[in-house]
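The values are calculated or read from the model by the stated rules, or taken from the named source; none is laboratory data. This structure is a prediction, so every number in the text was calculated from the model and none was measured. Neighbour counts are summed over all protein chains in view; Cβ atoms, including those assigned to glycine, are modelled from backbone coordinates with ideal geometry. Accessible surface is based on the protein model in full, side chains and every heavy atom, while ligands, DNA and RNA are left aside. Shrake-Rupley method; radii C 1.70, N 1.55, O 1.52, S 1.80 Å.
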Amino acid sequence: MVDIEVGERHVVTLKDVALASGVSISTVSRVLDDRTPRSTSATATRVRAVAEELGYRRNLSASSLRRGATATIGVLVPRLTDAVMALMFEAVERASHRRGYFAVVATCGDDADEERRATETLLDRGVDGVVLATARLDDALPASLRDRGIPHVLALRTDDVSPSAVGDDETGGYLAVRHLLDLGHRDIAILTGPWFTSSGRDRRAGAERALREAGVDLPEERVLAVGYGIDHGIDAARRLLDAERPPTAVFAANDNLAVGVSTVAQSLGMAAGRDLSIVGYNDIPLVSRLPVPLTSVRTHFDRVAEIALDLLLADGSAPRIERVMPTLIPRSSTAPLGR
């Protein structure tokens, strides 16, 4: 293999990949063309490995990928059916427009391979930078983008290294459980969200800090690490509320989980705010309009988006990770113990 030195501003070409692979340019072009059947030959495998190592990206618009060339920002979210991610994209879209950029969105579920493919597709189309609302604590993609010098920023979730605009989730978790403690609750369950998200990790850490300060134990069976969907909240609530001694309060690390808990409580004849206090997180528009309006910790999406765009377009001198302070919004789903 021939070593190719790729400078910071150099766009890797088919010729570079061909030289490093020891094959013709036409062979490289054929192997890397997604429109043709994927070859599994040793040569094709070697060409793809070299292309990935060099950071080659096929530019579908046949224009340069130099920063500022398209005034387009790529945004990657797990799914747009999740209200939080839809709100985040809309906020990024507004922030981009104010800076003269156009935002385009791609989705990937919470699948690392799909995340990588979707990001490469955005880069292929010449976006000037990417906003990722998909980061996992075990995610290799942000490190790859850093190594390749690709402008990017993480939003809502962080890997603790790449430039990030997130809510102060530790403080948010603290505010939620401190609220329940102030209402007299001591038997509190926590639904933390997925283990691989910084948001789930930090919201749990804040909740545990509030309990420690109050001298309240947190039994392991009162902590459930689950997904962020309503169905996950329903399944977790069944485990908690069908028990011989259910908790008097639940802190759910997002509003979907809280809605799931409320659904199960109602099916068991329990009223939110009377028999069970529930706190959610993010304060999506739906929760204030539920039959029993949900107490929630509000994430300020527009502020997160503004900071994300500032970090993405900065010259590198800005702080690497910025956190936006959340706000507790008390509603009828929480009440004093024994009211």
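Could you compute the net charge surrounding Ala86? Neighbours are other residues with a C-beta less than 11 Å from the C-beta of Ala86; K and R count +1, D and E count -1. Let's see the in-between values first.
Numbers: positive: Arg79; negative: Asp82, Glu90, Glu93.
Cβ neighbours under 11 Å give a net charge of -2.
Which ³J(HN,Hα) values, rounded to whole Hz and listed in residue order, are derived for region 202-207 from phi using the Karplus coefficients 6.51, -1.76 and 1.60 in 6.51 cos²θ - 1.76 cosθ + 1.60 with θ = phi - 60°, glycine and proline given as x?
Each residue of region 202-207 in turn: 6, 5, 5, 4, x, 4 Hz.
Tell me the accessible surface of Asp138 in square angstrom (1.4 angstrom probe, heavy atoms of protein chains only), to the nearest ten.
90
Dividing the Cα convex hull volume of region 117-210 by residue count, how many Å³ per residue is that?
93
Would you kindly compute the Cα radius of gyration of region 185-253 and its largest Cα-Cα separation (Dmax), both in Å?
Computed over the Cα atoms of region 185-253, radius of gyration and Dmax are 11.6, 33 Å.
Per residue of region 257-263, what does 6.51 cos²θ - 1.76 cosθ + 1.60 with θ = phi - 60° give for ³J(HN,Hα)? Whole Hz please, x for Gly and Pro, Karplus curve as stated.
Taking θ as phi minus 60°, the curve returns 4, 5, 5, x, 4, 4, 4 Hz for region 257-263.
Can you pull the one-decimal nm distance between simple spin-label points at Ser26 and Arg117, each 7 Å off the Cα toward Cβ?
3.0
Share of region 162-316's accessible area from carbon and sulfur, percent, 1.4 Å?
Working: 2970 of 6010 Å².
Here carbon and sulfur together make up 49 percent of the probe-accessible area.
Using the Karplus equation 6.51 cos²θ - 1.76 cosθ + 1.60 (θ = phi - 60°), what ³J(HN,Hα) coupling, rounded to whole Hz, does each residue of region 173-187 give in order, writing x for Gly and Pro?
Couplings: x, 4, 4, 4, 6, 4, 4, 5, 5, 5, 7, x, 6, 10, 9 Hz.
Using modelled amide H (1.01 Å from N, peptide plane; none on Pro or chain starts), what sits under 5 Å from the amide H of Val297, excluding residues fewer than 5 places away?
Amide H neighbours of Val297: Gly280, Tyr281, Asn282, Asp283, Ile329.
Across 10 Å bins from the origin, how do the percents of Cα pairs in region 245-339 run, short distances first?
Using 10 Å bins, I get a P(r) of 16, 40, 21, 14, 8, 1 for region 245-339.
Dividing the alpha-carbon Rg of region 231-299 by 2.2 N^0.38 Å yields what? Please list the in-between numbers first.
Details: Rg = 10.9 Å, N = 69, 2.2 N^0.38 = 11.0 Å.
The reported ratio for this selection is 0.99.
Bin all alpha-carbon pair distances of the chain at 10 Å intervals from 0 and give each bin's fraction as a whole percent.
Here the calculated profile for the chain is 6, 24, 27, 19, 13, 8, 3, 0.
Per residue, what accessible area does the chain have, given a 1.4 Å probe and all protein chains present, in Å²?
Per-residue accessible area for the chain comes out at 47 Å².
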